[in-house]
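First comes the structure, then the notes that go with it.
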Amino acid sequence: MKCIIKFLCPIVALVILQSCEKKGLEDEVIIDYYNYATKFDWREDSVKTGSGDWAKIEKGTLFTLLSEDLTLGKALQRPGGFAIYINRNNLRAEFIYSISKDSIFTFSLSKDSIYFPDQSGRYRTDLKGQLSFSPDTSLILRNTAISPEISIKYRLEK
């Protein structure tokens, strides 16, 4: 009889401890922007070096904005967000990654300008962009950290 009690007591204790309510995890909401977001792809369209003319880029790479919103208009009304720019060879710029393994970085919006944070969280002065909606929707990123500076124009893909 003592053996049965010694055997059942740990099992009962284990069942009781496993049924305890765990608090704190239920309130935390994690949004996986890389996998669960609307992606707005901007394709490199043309490049300008220094004060030269715009030159067309064939098969430009993608600069992707990630958003919880379904439309670009609503996404751009937010003060900032997350983006992906895997192949930055044309722009020749690096970003401070929020999620390094997925190459996700943050950006901030102010009216028609887009800014990127540096390591201290302040806006970078060497890399910034401009959004324009007329006559067509485009984005221009300028990298002034290199000489001569480079500007890349992006077109929104449908």
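Below, the figures for the structure above:
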| quantity | calculated |
| --- | --- |
| 5 angstrom amide H check on residue 124, placed H, neighbours 5+ away | 116, 118 |
| Gaussian network model of the chain, Cα within-10 Å springs - most flexible of 139, 72, 62 | 72 |
| Stretchable slack from residue 2 to residue 146, in nm (0.36 nm times residue separation minus alpha-carbon distance) | 43.8 nm |
| Dipole magnitude of the chain about its Cα centre (Cβ charges: Lys, Arg +1; Asp, Glu -1), debye to nearest 20 | 260 debye |
| Distant-in-sequence amide H partners of residue 61 (H built 1.01 Å from N, under 5 Å) | 44 |
| Label corresponding to Rg/Rh (Cα atoms, Kirkwood Rh) when calculated from the structure given, among (i) 1.32; (ii) 1.16; (iii) 1.11 | (i) |
| Additional length obtainable on full extension of the chain from residue 101 to residue 39, 0.36 nm per residue less Cα span | 20.5 nm |
| The stretch 148-158 - phi-based ³J(HN,Hα) in whole Hz, Karplus 6.51/-1.76/1.60, Gly and Pro as x | x, 5, 10, 10, 10, 9, 10, 10, 6, 8, 7 |
| Karplus-derived 3J(HN,Hα), 6.51/-1.76/1.60, for each residue of the stretch 131-143, Hz, glycine and proline x | 9, 9, 10, 10, x, 9, 7, 9, 9, 10, 10, 10, 10 |
| Residue 92-residue 18 FRET efficiency (beta carbon distance; Förster radius 35 Å; 0.05 resolution) | 0.05 |
| Using alpha-carbon coordinates, inclination of helix 2-18 to the longest axis of the chain, degrees | 30 degrees |
| Among 55, 145, 13, residue whose mean-square fluctuation peaks in a GNM of the chain (springs only between Cα atoms under 10 Å) | 13 |
| Neighbourhood charge, 11 Å Cβ-Cβ cut-off, centred on residue 130 and excluding it, Lys, Arg +1 and Asp, Glu -1 | +3 |
| Spin-label pair residue 11/residue 108, simplified geometry with 7 Å Cα→Cβ offset, distance in nm | 6.1 nm |
| Computed label-point distance, nm, for sites residue 72 and residue 56 using a 7 Å Cα→Cβ extension | 2.0 nm |
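Each reported figure results from applying straightforward, stated rules to the coordinates on display, with no laboratory input. Small disclaimer: the values here were computed from a predicted structure and weren't measured. Glycine also receives a Cβ, built like all others from the backbone with ideal geometry; neighbour counts cover every protein chain displayed.
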